[in-house]
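One structure is given below, encoded as structure tokens.
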């Protein structure tokens, strides 16, 4: 009898030990399984959005798109119910108590205004709206209408405090289109990392955010060739945990009386600008900074852009594609081993 009890006790003990070992090893087993890939495409922020992430949470992209749609609802100039549209509608009338995300983007835009010496201006909307209306009619704005729009774009017309935004004059237009997608990409990337995502690519209409690495190697992101935008890239950059945001003169423009007018505007003159740059690409974990600088650099031109870049520490990565009468060249501060496949001569800044 005692022997049977002893055998039963040993069997029970072995079962308990085996269960305990399985419990300890189960997380390791889960970790060794391949991490599933999830991909989704949709429309938001007036462009095509594609997200590709590796995660064990099969609902993770639901959260990403929920955040994107929320930000779009807050920041879009094209939605009459967005907070930006409501701020603009209240210009010259009263303050608007804005959500924290809106306040954060406006603060980012003011930082870019200071950094670029006013080249990036969140009140450019009075100018861009005027040009948009006139483009539809096939003519350029009159000088009188441009002068009025320039006055409304004075940054002193924007008043910001802890929880509200006020545009002091009727007709002022807050336009965050030059920064919104970059801001959104970083916010979504931060959320995904907090939810355990260690690898992925967010493509917000060409505004790229690379999360982590690609199976242990850096992500390879092509920079569009502005001379052949539908062809092979001008070069490929190798990045991880960074945004890669490009502005170029090849996508949005209008021909008026045989002249090409870009969507980049000098807020001081109100005129459409064509600098010596065909495109400007910024590489940095700060999506707002990358988006805003890419726009500002297209207006500033190569020499002024490099001066602005020196004000920043650490310095963002930059790829400028510049065209002169005789040649096209790539100017970059990236290390030589961080770029491949360059179609044009490369001038390394370090």
Handout entry: Cα gyration tensor category, rounded, prolate or oblate, for segment 76-167 with a/c compared to 1.5
Key = prolate
Exercise for the section: Quick one: grab the alpha carbon gyration tensor of segment 116-255, order the square roots of its eigenvalues as a ≥ b ≥ c, and give me rounded if a/c is under 1.5, else prolate or oblate depending on whether a/b is larger than b/c. Expected result: oblate
Exercise for the section: Round to the nearest 0.05 the FRET efficiency obtained for residue 325 and residue 46 when R0 = 45 Å and r is the Cβ-Cβ distance. Expected result: 0.80
Fill in the blank from the handout: Longest principal axis of the chain (C-alpha) makes with the long axis of helix 180-194 (C-alpha) an angle, in degrees to the nearest 10, of 10 degrees
Exercise for the section: Sort 281, 128 so the one with the fewest other Cβ atoms within 10 Å of its own Cβ comes first. Expected result: 128, 281
Exercise for the section: Measure off 7 Å from each Cα along the Cα-to-Cβ vector at residue 236 and residue 37, then give the distance between these two points in nanometres to one decimal. Expected result: 1.5 nm
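Assuming R0 = 41 Å, can you tell me the calculated FRET efficiency for the pair residue 162 and residue 213, based on Cβ-Cβ distance, to the nearest 0.05?
The computed FRET efficiency comes out at 0.60.
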Practice task
Just report the Cα centroid separation between segment 320-334 and segment 175-237, whole Å.
Solution key: 22 Å
Fill in the blank from the handout: Ordered by fewest other Cβ atoms within 10 Å, a rough proxy for footprinting exposure, 235, 115 read 115, 235
Handout entry: Of all DSSP beta bridges in the chain, antiparallel share, percent nearest 5
Key = 95 percent
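For 165, 283, what's the fewest-to-most ordering of other Cβ within 10 Å of each Cβ?
165, 283
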Practice task
Relative to the longest principal axis of the C-alpha atoms of the chain, give the angle of the C-alpha long axis of helix 2-32, reported between 0 and 90° and rounded to the nearest 10°.
Solution key: 20 degrees
Fill in the blank from the handout: Taking a crude spin-label model, label points 7 Å out from Cα along the C-beta direction, the residue 303 to residue 338 distance in nm is 2.6 nm
Handout entry: Kirkwood Rh in Å, taken over the chain so that all alpha-carbon pairs contribute
Key = 22.5 Å
Handout entry: Size of segment 203-350 as Cα extents on the principal axes (Å, biggest first)
Key = 52, 32, 30
Completion exercise
A student applying the Cα gyration tensor rule (rounded when a/c is under 1.5; otherwise prolate if a/b is larger than b/c, oblate if not) would label segment 53-118 oblate
Exercise for the section: Please give the helix 100-115 orientation as an angle from the longest Cα principal axis of the chain, in degrees from 0 to 90, rounded to the nearest 10. Expected result: 50 degrees
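Rule-based calculations on the coordinates, nothing more; no lab input. Just so you know, these numbers come straight off a predicted model, no measurement behind them. Backbone-built Cβ (ideal geometry, glycine too); neighbour counts: all protein chains shown.
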